[in-house]
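*Asks:* This is the structure I have questions about; it appears just below.
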Amino acid sequence: MTLPPATPLNRRQTLQGLAASVASMAAPALISRAAWAQDKFPSKPISLIVPWPAGGPSDAVLRAFAESASRALGVAVVPDNKPGAGGILGASAMVTAKPDGYTLTQLPLGIYRLPHMQKTNFDPIKDITHIACLTGYTFCLAASMDAPFKTLQEMVAYAKANPGKLEYGHTGTGTTPHLAIEEFSQKAGMVLNPIPYKGAAEIVQALLGGHIRLMSSTTEIFPLVKEGKLRLLATLGSKRTKAFPDVPTVKESGWDTISESPFGIGGPKGMDPAVVRVLNEALRKTLDDPKVTETLDRFHQPVIYMNSEDYTKYAQRTFEAERATVERLGLAKKT
């Protein structure tokens with residue numbers, strides 16, 4: 001039997017068939033390479049921006065998380081201190097980074113508040129991927145041992161008798177240690193003189209040096225209280241702290257002010273959900289690390305875990321709640 005000669009149409013059909021066969025064989029290989037690239041994360045060190053000074057309690061806690069996460073991820077998680085501006089410099093620096101999972105930052109509560117008070121280069125909801133919430137701060141009010149008051153009630157009476165003369169240190173304008181005391185001051189009918197510092201270590205030096213009489217802080221000052229170098233007047237949580245069960249909260253002392261501050265880790269917007277899952281799982285595992293839990297206990301910080309979805313919802317609620325607080329205190333930015 002003699003086959004008919006090949007026509008242009010036959011040749012075209014044959015070539016198209018061959019191309020389709022090659023493509024069908026190559027597709028699994030392409031998918032496999034994409035999955036391999038995804039599974040490969042992380043393949044290099046990860047930068048974790050620490051928006052606080054080196055040597056402080058927040059630095060110690062975040063370094064403990066970084067060390068534990070390094071073991072879980074198999075690559076180094078390297079802390080990078082960028083202190084100042086009440087802890088928002090981390091978010092400011094991070095939002096311009098590539099969303100590849102290799103640049104992360106702590107997300108303190110102030111990042112949801114400051115955009116309501118002044119212009120920032122980021123939107124905490126639109127420009128940040130919330131990866132995992134891990135822990136939170138307990139806030140307190142402490143005084144120097146030579147201050148002319150020994151209780152919260154005596155401090156309020158002294159401040160009322162000396163309006164604007166009682167100075168207190170805090171970690172930056174718009175931070176929780178600042179606004180919590182301003183809200184308390186309004187409710188107590190007193191006027192204090194707020195003095196911003198870069199971190200708690202600077203505030204303690206000013207307090208011990210006699211430059212100020214009062215400080216709003218987190219529980220990093222508890223060791224100094226136990227040593228008799230500072231006097232703890234009150235805590236600002238919903239319950240008394242286990243470390244000092246005899247010290248009242250501001251609320252139970254008669255002024256309805258509660259301030260609690262969960263925080264976690266975030267990255268730039270647009271991160272691959274698969275990368276977010278890898279990071280979230282590694283960070284969740286750090287909460288089972290004895291070295292991490294020992295560090296959290298040392299600074300009286302509770303475990304407050306939220307996955308990415310829950311943390312994002314928390315951020316949205318908090319952003320709106322902080323708007324209301326800033327407006328109530330008359331600190332909203334002018335439009």
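*Asks:* Once each part is reduced to its C-alpha centroid, what is the distance from region 278-335 to region 105-148 in angstrom?
*Replies:* Taking the Cα centre of region 105-148 as reference, the centre of region 278-335 is 9 Å away.
*Asks:* Going from the alpha-carbon gyration tensor of region 160-201, what semi-axes, largest first and in whole Å, does one get by taking the root of 5 times each eigenvalue?
*Replies:* The three semi-axes for region 160-201 are 19, 12, 6 Å.
*Asks:* Treating only the Cβ of Lys, Arg, Asp and Glu as charged (+1, +1, -1, -1), what charge dipole size does region 69-217 show about its Cα centre? Round to the nearest 20 debye.
*Replies:* So the dipole magnitude of region 69-217 works out to roughly 60 debye.
*Asks:* Separate question: With all distinct Cα pairs included, what does the Kirkwood hydrodynamic radius of region 273-335 come out to in Å, to one decimal, could you say?
*Replies:* 14.5
*Asks:* Where in region 268-304 are there trypsin sites (Lys or Arg not before Pro) that are in a DSSP coil and have at most 15 other Cβ atoms within 10 angstrom of their Cβ? List each step's numbers first, then the result.
*Replies:* On the way: sites: LYS269, ARG277, ARG284, LYS285, LYS291, ARG298; in loops: LYS269.
In loop regions of region 268-304 (DSSP not H, G, I, E or B), the sparsely surrounded trypsin sites (Lys or Arg not before Pro) are LYS269.
*Asks:* Can you list which of the trypsin sites (Lys or Arg not before Pro) found in region 73-144 are DSSP loop residues with at most 10 other C-beta atoms within 10 Å?
*Replies:* Those satisfying the criteria are LYS119, LYS126.
*Asks:* From the Cα trace of region 138-235, what convex hull volume per residue do you get, rounded to a whole Å³?
*Replies:* Per-residue hull volume (Cα only) is 83 Å³.
*Asks:* Which aspartates and glutamates have a Cα lying under 16 Å from the Cα of LYS82, excluding residues fewer than 8 positions away in the same chain?
*Replies:* Of all the aspartates and glutamates, those that pass the test against LYS82 - Cα under 16 Å, at least 8 places apart if same chain - are ASP59, GLU202.
*Asks:* Let me ask another. In Å and from the alpha-carbon atoms only, list the Rg and Dmax of the chain.
*Replies:* Cα only, the chain: 26.7, 117 Å (Rg, Dmax).
*Asks:* If the only charges are +1 at each Lys and Arg Cβ and -1 at each Asp and Glu Cβ, what is the size of the charge dipole of the chain around the Cα centre, to the nearest 20 debye?
*Replies:* For this selection, approximately 660 debye.
*Asks:* What is the ratio of the Cα radius of gyration of region 130-192 to 2.2 N^0.38 Å, where N is its residue count, to two decimals?
*Replies:* 1.32
*Asks:* Something else: Under a no-solvent Debye model with one identical scatterer per Cα of region 74-151, what's log10 I(q)/I(0) at q = 0.17, 0.25, 0.27 Å⁻¹?
*Replies:* Evaluating at q = 0.17, 0.25, 0.27 Å⁻¹ gives log10 I(q)/I(0) of -0.77, -1.35, -1.49.
*Asks:* When the helices in the chain are scored as -39500 (n - 2.57) per DSSP H run of 4 or longer and the sum is shared across all residues, what 222 nm value do you end up with, to the nearest 500 deg cm²/dmol?
*Replies:* Dividing the helical sum by the residues of the chain leaves -14000 deg cm²/dmol.
Just so you know, all these numbers are worked out from the coordinates, no wet-lab data involved. Predicted model only: the values in this text are computed from it and were never measured. Counting neighbours? That spans all protein chains shown, and the Cβs are built from the backbone with ideal geometry, glycine included.
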